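The values are calculated or read from the model by the stated rules, or taken from the named source; none is laboratory data. What you see is a predicted model; the values in this text were computed from it and never measured. Cβ placement follows ideal geometry from the backbone for every residue including glycine, while neighbour counts extend to all protein chains displayed.
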């Protein structure tokens with residue numbers, strides 16, 4: 001299974017925030033949308049980073065309560081790890097594990113196509129395994 005199949009099922013909507021927004025506002029966006037990360041865009045609309053719950057917690061530990069007044073650009077992860085639509089699920093799982101990340105933007109030629117989370121990957125991997133098991137049971141039953 002490939003990333004493009006996940007996006008076809010879940011959609012390509014991506015919640016973003018501007019790099020000059022406050023962490024407090026970004027936290028509201030995460031809460032309101034029930035998500036764990038947002039992509040950060042610059043004035044030109046290009047993806048500049050990712051802000052995750054972990055980034056906010058790190059900021060709170062380092063700065064304290066004033067972290068909520070800091071700018072997204074102060075706490076975001078700048079080195080964005082991304083995947084391609086044709087990447088397979090095994091590759092994505094390895095990338096997420098290696099980089100200890102839970103969200104991957106899907107991009108091609110600097111164009112944002114969507115985002116997938118570890119939850120999306122696990123859900124689709126389980127569905128794939130269940131489908132393979134059902135096919136094997138069917139094969140055995142008809143043999």
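Return the residues of the stretch 97-116 that are within 12 Å of residue 7 (Cβ to Cβ) and buried (at least 16 other Cβ atoms within 10 Å of the Cβ); say none if nothing qualifies. If you could, list the steps in order and put the result at the bottom.
If we filter the stretch 97-116 for residues that are within 12 Å of residue 7 (Cβ to Cβ), which is where we start, we get 104-108, 112-116.
Of everything in the stretch 97-116, those that are within 12 Å of residue 7 (Cβ to Cβ) and buried (at least 16 other Cβ atoms within 10 Å of the Cβ) turn out to be 104, 105, 106, 107, 112, 113, 114, 115, 116.
Could you count how many residues in the stretch 17-52 are surrounded by fewer than 16 Cβ atoms within 10 Å (Cβ to Cβ) and within 14 Å of the chain's Cα centre (by Cα)?
3
All but one of (1) assigned to a helix (DSSP H, G or I); (2) modelled with pLDDT under 95; (3) over 16 Å from residue 35 (Cβ atoms); (4) within 21 Å of the chain's Cα centre (by Cα) hold for residue 138; state the number of the condition that does not hold.
Answer for residue 138: the failing condition is (4).
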